[in-house]
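The next block holds one structure in the form of structure tokens; read it before the comments.
The values are calculated or read from the model by the stated rules, or taken from the named source; none is laboratory data. As the structure is a computational prediction, the values presented were derived from the model and not from experiment. Every residue, glycine as well, gets a Cβ built from its backbone with ideal geometry; the counts of neighbours run over all protein chains shown.
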Amino acid sequence: MELNITYKQAQDLVNKYISNPITKIHLRESEVLMRSLAKKFGDNEEEWGIIGLLHDIDWDMTKDNPVEHCIKAQSILKENDGSDFLIETIISHGYGLEEIPQLKEKQRSTIIQYCLAAAETLTGLIVSSALVQPDKKLQSVSLESLKKKFKNKAFAAKCNRDIILECEKANIPIDEFLQIGLSSLQNISNELGL
């Protein structure tokens, strides 16, 4: 699992390519959740964190042109000596998406690919769950409440439940995955302002 990019280099890339504070927060949330998943698997937490941190490195450039999302990321990461493994893992979160024709026919196949796609999608559901709390705080979100919101497809409708359920392809039951995600974001709630 050679990445060829250090954590410091990953942070520098985020600062270079991402100016939107909301995107930066999403990248940080994804990093922290990926670190928690690495810990669960006894894998390298920093490397998984780097993957989470960089997964949307092209978002500010492509948000208005979704067919380019993940495609521009390949160029950015190649130019910065990112390994083939890093690039393939990062672009895998776009596999199967209709709006990215080049990736529409591809499918995720490794534990880290399933985890990245599920984790970065889950962050949206968790944050949405916090924002509907009276105090708008992550600490007020319980696992039971999050499970109900997960089952209610009308809530945070853009959070694709099928992608979140890919955690099960990584042998993590959905309830455990929701708990890992919730705890991960609650641990950095002050940083997130939630």
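Quick one: in region 18-31, of everything that is of a type in the set (Ser, Thr, Tyr) and closer than 18 Å to Leu116 by Cβ, which residue is surrounded by the fewest Cβ atoms within 10 Å (Cβ to Cβ)?
Selected residue: Thr23.
Please identify the pairs in which a residue from region 153-182 that is in contact (Cβ under 8 Å) with a residue 24 or more places away in the chain has its Cβ atom under 7 Å from the Cβ atom of a residue that is part of a loop (DSSP other than H, G, I, E, B) and surrounded by 16 or more Cβ atoms within 10 Å (Cβ to Cβ), counting only partners at least 6 apart or on another chain.
Going by the 7 Å Cβ cut-off, the qualifying pairs are Glu166/Arg108; Leu182/Val141.
Tell me which residues, restricted to region 44-58, are in contact (Cβ under 8 Å) with a residue 12 or more places away in the chain and either among the hydroxyl-bearing types (Ser, Thr, Tyr) or surrounded by fewer than 20 Cβ atoms within 10 Å (Cβ to Cβ) (or both).
Scanning region 44-58 gives Asn44, Glu46.
With a cut-off of at least 1 residues that are within 18 Å of Glu31 (Cβ to Cβ), name the helices (runs of 4 or more DSSP H) lying wholly within region 126-194.
The helices (runs of 4 or more DSSP H) meeting that bar are 161-164, 174-187, 189-192.
Can you name the condition, by its number, that Ala130 falls short on among (1) within 17 Å of the chain's Cα centre (by Cα); (2) at pLDDT 95 or above?
So the condition that Ala130 fails would be (1).
Could you please tell me which pairs satisfy a Cβ distance under 6 Å, a separation of 6+ or placement on different chains, a first residue in region 103-122 that is within 13 Å of Ile172 (Cβ to Cβ), and a second residue that is surrounded by fewer than 21 Cβ atoms within 10 Å (Cβ to Cβ) and basic (Lys, Arg)?
Filtered contacts from region 103-122: Tyr114/Lys169.
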